[in-house]
Every structure is written in C-alpha cells, then in structure tokens.
Amino acid sequence: MHTLENKGFANIQTEVIRDLDLAKKNDVGKVEKVTISGDSEWTENGQRKVYHVQDEVVVYYHAIADNAALEAPQGNADAYKGQPYQLVVSALHSAGFENVVAVALNDLEKDQSDLLDTVANVTINEESDWSYGLFGAMRKTYHTEDKVIVFYHSSR
C-alpha cells in the first residue's frame with residue numbers, strides 16, 4: 001500500500017477474501033490482486049494505461065474463513081494438566097484459537113507451591129473431552145472464535 005501511496009494514489013481501499021482454512025494461516029495477508037478503476041490489467045496493446053491519483057484502488061487480500069474449523073489440539077484436557085498455564089495459553093493461540101482466557105482458581109495452600117501457575121483444566125465451549133468415536137480416536141472440531149478457558153492453580 002505504501003508503494004501505491006508513494007505513486008500518489010489517495011483513494012486506496014482494501015477487500016478481505018475470507019477463504020483460507022487454518023492450514024494456510026501463513027497466507028493471511030497475501031495479496032490476491034489489485035485493481036485500479038476496476039482494472040486488474042494495467043496495460044493495453046503493450047502500453048501502460050494512465051490513471052489519475054483519485055481513481056479508486058482496491059487491494060484484495062486473503063484471510064481465515066469465518067467458518068474455519070480447528071481440530072482440538074489434544075484429545076482432552078488431561079494432556080495439559082500440570083503444564084505452566086502461560087505455555088498452554090500460548091499453544092492454544094498458536095493453534096488458531098482467538099478467544100483464550102486464563103482463570104486463576106485461587107485454590108492452593110502454602111504447602112502446595114509446586115502446583116503454582118500450572119494447569120488444572122482446559123475447556124473449549126465448556127467441554128474438557130474433545131474426542132469421540134471408538135476409544136476417542138477422532139477429535140472434535142471447533143471454530144477460531146470458540147471460548148477456551150485455561151484454569152490454573154494459584155495461591156489463595
């Protein structure tokens with residue numbers, strides 16, 4: 001966009017193309033095309049077309065689809081129990097969850113300091129078991145905006 005601004009264009013718009021699944025999250029922000037006055041081809045008969053600085057420029061770029069589904073990162077919350085809660089919050093954000101909160105339980109006595117700031121439970125949409133099927137072999141899918149709560153042990 002800076003290049004367009006440096007060329008003098010003042011009427012620059014953006015259009016989001018929400019088409020990516022989470023496996024392609026590295027492509028977020030990648031430009032698909034740019035149009036000037038509706039043209040995506042800026043030459044005609046081998047010659048550059050001439051545009052005015054007030055012509056509308058639209059930059060189309062990719063983003064995660066609104067209905068993008070995430071596979072639960074582990075089969076259930078037990079996989080996270082006892083781990084430092086900050087690492088778990090970070091891992092869940094990295095997995096694509098956008099609505100992750102940490103909740104202190106204020107449950108530890110002074111002699112339980114070895115559990116301080118470790119995960120007690122994790123829920124996604126109030127569920128702690130994210131698998132189904134024979135022996136829990138399949139993992140449920142969730143959406144990026146689903147509520148994830150990391151409950152962790154803390155001092156009273």
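Among the numbered conditions (1) touching a Lys or Arg at 6+ places or on another chain (Cβ under 6 Å); (2) surrounded by 14 or more Cβ atoms within 10 Å (Cβ to Cβ), the only one that Val34 does not meet is (1). When Lys7, Lys33, Lys81 are screened for being basic (Lys, Arg) and assigned by TED's automatic domain parsing to the domain that holds Ser113, only Lys81 passes.
Checking each residue in the range 73-100 for being assigned to a strand (DSSP E or B), touching a helix residue (DSSP H, G or I) at 6+ places or on another chain (Cβ under 8 Å) and under 15 Å from Tyr152 (Cα atoms) picks out only Val100.
Based on this model, can you work out whether Asp19 counts as closer than 27 Å to Asp146 by Cβ, modelled with pLDDT under 90 and either in a helix (DSSP H, G or I) or among the aromatic types (Phe, Trp, Tyr) (or both)? So Asp19 does not fit the description; no. Within the range 139-153, residues that are closer than 15 Å to Gly96 by Cα sit with their Cβ atoms under 6 Å from residues that are among the small types (Gly, Ala, Ser) and surrounded by fewer than 16 Cβ atoms within 10 Å (Cβ to Cβ), at 6+ positions apart or across chains, in these pairs: Thr141/Ala69.
Taking the range 78-96 only, how many residues are modelled with pLDDT under 85 and surrounded by 13 or more Cβ atoms within 10 Å (Cβ to Cβ)?
Selection size over the range 78-96: 2.
Residue selection: Val119 satisfies the criterion of being touching a Gly at 6+ places or on another chain (Cβ under 9 Å), aliphatic (A, V, I, L, M) and under 20 Å from Asn76 (Cα atoms).
The values are calculated or read from the model by the stated rules, or taken from the named source; none is laboratory data. Predicted, not measured: the structure shown is a model, and the values here were computed from it. We place every Cβ from the backbone using ideal geometry, glycine too, and count neighbours over all the protein chains shown.
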